[in-house]
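One structure below.
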Amino acid sequence: MRARRPGFSLIEALVVLAISGMALAIVFSIGLKAGDAGFGLGRKAMSAADLDVAVSDFRAVVRSIALRPERAFLAGVDKPVVGAARRFEGEVVMERATQCAPAGWAGTLVLAVEPRGDEQILTCTAGERTATLFATRKRDAALSYSVNGRDWSDSYTNAPPDGFGEGLLRSARVFVRFSGGAGMDVIEAASSGLPDNWARPVDDF
């Protein structure tokens with residue numbers, strides 16, 4: 001009688017290989033899914049961070065608007081702030097550097113809602129620099145304005161109706177809102193601040 005040789009038979013080896021292959025397939029499948037989930041979370045975190053930066057920059061721009069009271073305009077010198085549903089234009093002195101403009105005097109800055117493919121984007125332009133703040137698929141994304149924080153309009157200007165007029169030189173304020181849906185409903189106020197910011201010496205008149 002022949003003694004049995006120790007080791008695996010061909011069938012046993014094939015069974016072991018099949019089981020090992022299935023185990024590896026399960027492990028790799030779980031690993032790939034975990035990797036995809038990790039990348040997905042990373043992309044969401046980066047998108048959230050980008051949105052936070054855009055919101056912060058939008059607010060900094062609005063707060064930096066040189067908003068002059070209607071009664072304090074000097075004809076031929078002062079330029080009014082003009083706002084519409086898809087465009088806002090005004091002179092700004094940036095309180096801090098943003099992707100729109102460096103800190104300090106930035107001259108005329110424009111916020112514009114423009115179509116780009118199947119998206120609507122909000123851009124800011126100062127001088128030769130243009131940056132994209134928000135991108136949204138909301139077709140009716142727009143800017144709106146309020147002087148009291150309750151009643152909103154798709155237009156605004158601080159231009160005096162009849163040029164320089166008489167009356168108290170009171171400070172002014174306007175709320176600027178960008179409605180872009182899904183976390184893009186952002187409101188910030190621009191104001192003329194203290195009279196020192198817009199009052200002129202007697203010699204200027």
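The values are calculated or read from the model by the stated rules, or taken from the named source; none is laboratory data. For clarity, every value in this text was computed on a predicted model and none was experimentally measured. Backbone-built Cβ (ideal geometry, glycine too); neighbour counts: all protein chains shown.
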Review point. Any idea which residue in the stretch 153-173 is modelled with the highest pLDDT, counting only those that are surrounded by 15 or more Cβ atoms within 10 Å (Cβ to Cβ) and hydroxyl-bearing (Ser, Thr, Tyr)?
Key: Tyr156
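Report yes if Ser171 is touching a residue at least 40 places away in the same chain (Cβ under 8 Å) and either at positive phi or touching a Ser or Thr at 6+ places or on another chain (Cβ under 6 Å) (or both), otherwise no.
Numbers: touching a residue at least 40 places away in the same chain (Cβ under 8 Å): yes; either at positive phi or touching a Ser or Thr at 6+ places or on another chain (Cβ under 6 Å) (or both): yes.
When the stated conditions are applied, Ser171 passes them.
With the structure loaded, tell me whether Leu74 is within 17 Å of the chain's Cα centre (by Cα) and modelled with pLDDT under 80 or whether it fails that test. Quick ask: steps written out before the conclusion?
Details: within 17 Å of the chain's Cα centre (by Cα): no; modelled with pLDDT under 80: yes.
Judged against the criteria, Leu74 is not a match.
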Practice item. Among residues belonging to the stretch 79-89 that are part of a strand (DSSP E or B) and in contact (Cβ under 8 Å) with a residue 40 or more places away in the chain, point out the one that is farthest from Val174 (Cα to Cα). Key: Arg87
Review point. Has the stretch 48-55 got any residue that is part of a helix (DSSP H, G or I), within 17 Å of Leu111 (Cα to Cα), at pLDDT 75 or above and β-branched (Val, Ile, Thr)?
Key: yes
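Per-residue answers, yes or no, for (1) of a type outside the set (D, E, K, R); (2) over 12 Å from Met184 (Cα atoms); (3) modelled with pLDDT of 90 or more:
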site: Thr132; (1), (2), (3): yes, yes, yes
site: Ala135; (1), (2), (3): yes, no, no
site: Leu143; (1), (2), (3): yes, no, yes
site: Asp151; (1), (2), (3): no, yes, yes
Exercise for review: Output the qualifying pairs, or none if there are none: Cβ atoms under 6 angstrom, residues six or more apart or on different chains, first residue in the stretch 47-62 and of a type in the set (S, T, N, Q), second residue at pLDDT below 90.
Suggested key: none
Review point. If you scan the stretch 97-124, which residues turn out to be surrounded by fewer than 17 Cβ atoms within 10 Å (Cβ to Cβ) and touching a residue at least 12 places away in the same chain (Cβ under 8 Å)?
Key: Gln99, Trp105, Gly107, Thr108, Val110, Ala112, Glu114, Arg116, Asp118, Glu119
